[in-house]
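The values are calculated or read from the model by the stated rules, or taken from the named source; none is laboratory data. Small disclaimer: the values here were computed from a predicted structure and weren't measured. Positions of Cβ are generated from backbone atoms using ideal geometry, with glycine treated the same way; all protein chains shown enter the neighbour counts. Protein only, heavy atoms only, side chains kept; ligands, DNA and RNA dropped before computing areas. Shrake-Rupley method; radii C 1.70, N 1.55, O 1.52, S 1.80 Å.
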Amino acid sequence: MILTQCAVCATDLGLTSGKKCGRCNTRYCGPECQVQHWKEGGHDKLCKLIKKAGGAEQYHANTKYTEAVTVAAEACAEDTKGQTCYICTQAVHWKTKEGLVRMCACRGTAGFAHVSCLAEQAKILFAEAEENNLGEKALTERWQQWDVCSLCEQHYHGVVHCALGWACWKTYVGRPEADRVRSSAMGMLGFGLSDAKHHEVALSVKEANLAMMRRVGAPEYSILVAQNNLASTYQKLGRLEEALNLYRDVYSGWLKLTGEESMETLGATFNYALVLNDLGNYKEVKSLMRRIIPVARRVFGESHEHTLRMRSEYAEALYEDDDATLDDLREAVTTLEDAERTARRVFGGAHPLTTWIERQLQNSRATLAAREAVESIRESVEAMTPGDA
Ligand SMILES: [Zn+2]
Ligand SMILES: [Zn+2]
Ligand SMILES: [Zn+2]
Ligand SMILES: [Zn+2]
């Protein structure tokens, strides 16, 4: 399903065209590429292995997972030196020999783990909820274990998030298309890929997911979530007009489905504003943000990631606008100072949200300082110039 290219020549096959190996489901554009793969591409030996692993899609997921774990452990090597996994208590994983990771908001000696152990834990918790019919709320909560740290309750980020995305996908890829867990797993993979900035791959995963959901007649809210995720990838790839259009659709969808003050509508408005910010339409950003920040404070709370992000984006629009007044610039600085303090307290200094707000704060201070310098020169020039009176 996410393998949409010919295994030999990389021609895009979409979701249905082309030819499949009858044993392992590896996809080709046609018989020529298939024959070549068998004779020269090593498929004569690999085919059995791929079939044994559960088919081309599963094999691909497994391979990508192993690569992603290596990348994640390497990125965390410095940080995890001398530590042990809080799940299996070992430094090196007994079976896979992988190293430790930690990319959440845990501090001190807390939260070091193997990606495999985190994945195993999430898999068991979710299976338990499914087998015992624990209900929708438990299912949702346990599903979150795939990308939220159970100790600090914050999302994993960067390459660790990506490795967990592949872990989740490889766990559920074998389920039937109509099983929503399969689609959720694909969504989880999309998030992880985006977080690790693999935007091109994220795009194909998110497009495949949306197409699959439409095919199986997924409910409207699931489609809206998938569209929202796809729009964010358009945005990351600089395809801003496409992002803006899609976010506009998502916004009207949520508005119809859940009303003006729901978290979903709020999120959609915010995402829409982010693209406007990228396009330099600061006036509209400011007016949108003034409308939704009070709602966000009420719905999410003051120290929630979303509220902090919204306030910081609002501040950015304030200081980036060429027509900003001195008061606007001062408001931007005080807003960011406050947001930075809160982010540091809640998420820690190394969290991407905190470092991003810090950068915004530095920019806003620099803009304010430059403007104040200009103003004071203007004032002294005015003071020196004799009046007409
Ligand atoms: Zn081909
Ligand atoms: Zn094969
Ligand atoms: Zn472990
Ligand atoms: Zn944590």
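Accessible surface of Phe270, taken over heavy atoms with a 1.4 Å probe and every protein chain present, rounds to 20 Å². Per residue, the chain reaches -22500 deg cm²/dmol at 222 nm when only DSSP H runs of four or more residues are counted, each adding -39500 (n - 2.57). Distance between Cα centroids, the stretch 93-109 to the stretch 132-181: provide it in whole Å. The two parts, judged by their Cα centres, are 18 Å apart. Would you mind computing the Rg to Rh ratio of the stretch 169-327 from its alpha-carbon coordinates, Kirkwood style for Rh? Rounded to two decimals, Rg over Rh is 1.01.
Counting alpha carbon pairs within less than 8 Å and at least 6 residues apart, what relative contact order, in whole percent, applies to the stretch 69-177? It would help to have the intermediate numbers written out before the result.
On the way: 134 pairs, mean separation 28.5, N = 109.
Relative contact order of the stretch 69-177: 26 percent.
Contact order normalised by length for the chain, with contacts defined as Cα pairs under 8 Å and 6 or more residues apart; what percent is it?
On the way: 506 pairs, mean separation 31.7, N = 389.
Relative contact order of the chain: 8 percent.
With each label modelled as a point 7 angstrom along the Cα→C-beta vector, the Ala366-Glu302 pair spans 3.1 nm.
Each listed q (0.11, 0.12 Å⁻¹) maps to a log10 I(q)/I(0) for the chain, found by the Debye formula over equal Cα scatterers with no solvent: -0.91, -1.05.
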